[in-house]
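Working notes, structure below.
The values are calculated or read from the model by the stated rules, or taken from the named source; none is laboratory data. All values reported here derive from a predicted model rather than from experimental measurement. Neighbour counts are summed over all protein chains in view; Cβ atoms, including those assigned to glycine, are modelled from backbone coordinates with ideal geometry.
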Amino acid sequence: MRSRTLLVSAVLAVVGSSTGFAQSAAPATPAPTVAKAEVIGNAGKPIGAVTATGTERVTIVRLMLAPGAVQPGWHGIHFHAVADCSDPEKFAASKAHVNHGGKAHGLLNPNGPDEGDLANVFAAADGSVNAEVTSPTGLVGPKGLLDADGFALVIHASPDDHTSQPIGGAGARVGCAAFKAS
């Protein structure tokens, strides 16, 4: 009987000490970084707004375009390497996709995706967009989007097929938002 009492006491001591660990405070999680930018159309005027919220491991993009901003239907969007939308006719100053790993373009490409690849967004019949997409590309950190030259979110005229090179057939750049590092 005495050995049984000792065994029960030992079990209770272990259970009691493990619940003490469960009740201790977890380390504080840093707040995500939030960056906002205006979306400029090919006429050089604002057509909407975009918010990027993220950490070192993920970026969530919330895109809101005004009615008439783009043609109705699907549109490719990508992260581009430089926060420069100063040439609204083509938005070429934003350079190519963010691509630290040198991967091929396309979410469905077996040799991809590059870090600029995102899911398509849909414009309603009035040309407005309200969408949220997620990327495993970090917003901050050593390979984060908000590096010294920032990044741009570029909106294309057509949908991305997620496989063909170099931009999945997404066509002309019709919108651009520049996110500059603070």
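Among the candidates Ala43, Ala31, Ala52, which residue alone is at pLDDT 95 or above and assigned to a loop (DSSP other than H, G, I, E, B)?
Ala43
Going residue by residue through region 160-174, is there one that turns out to be closer than 19 Å to Thr55 by Cα, surrounded by fewer than 20 Cβ atoms within 10 Å (Cβ to Cβ) and not basic (Lys, Arg)?
no
Could you say whether any residue in region 66-81 is assigned to a loop (DSSP other than H, G, I, E, B), surrounded by 14 or more Cβ atoms within 10 Å (Cβ to Cβ), in contact (Cβ under 8 Å) with a residue 24 or more places away in the chain and on the phi > 0 side of the Ramachandran plot?
no
Give region 94-149 a look and list any residue that's among the hydroxyl-bearing types (Ser, Thr, Tyr) and surrounded by fewer than 16 Cβ atoms within 10 Å (Cβ to Cβ), or say none. So that I can check it myself, show each step before the final result.
Of all residues in region 94-149, those among the hydroxyl-bearing types (Ser, Thr, Tyr) come to 94, 128, 134-135, 137.
Thr134, the sole residue that qualifies.
All but one of (1) touching a strand residue (DSSP E or B) at 6+ places or on another chain (Cβ under 9 Å); (2) exposed (fewer than 13 other Cβ atoms within 10 Å of the Cβ) hold for Ala152, so report the exception by its number.
All conditions are met except number (2).
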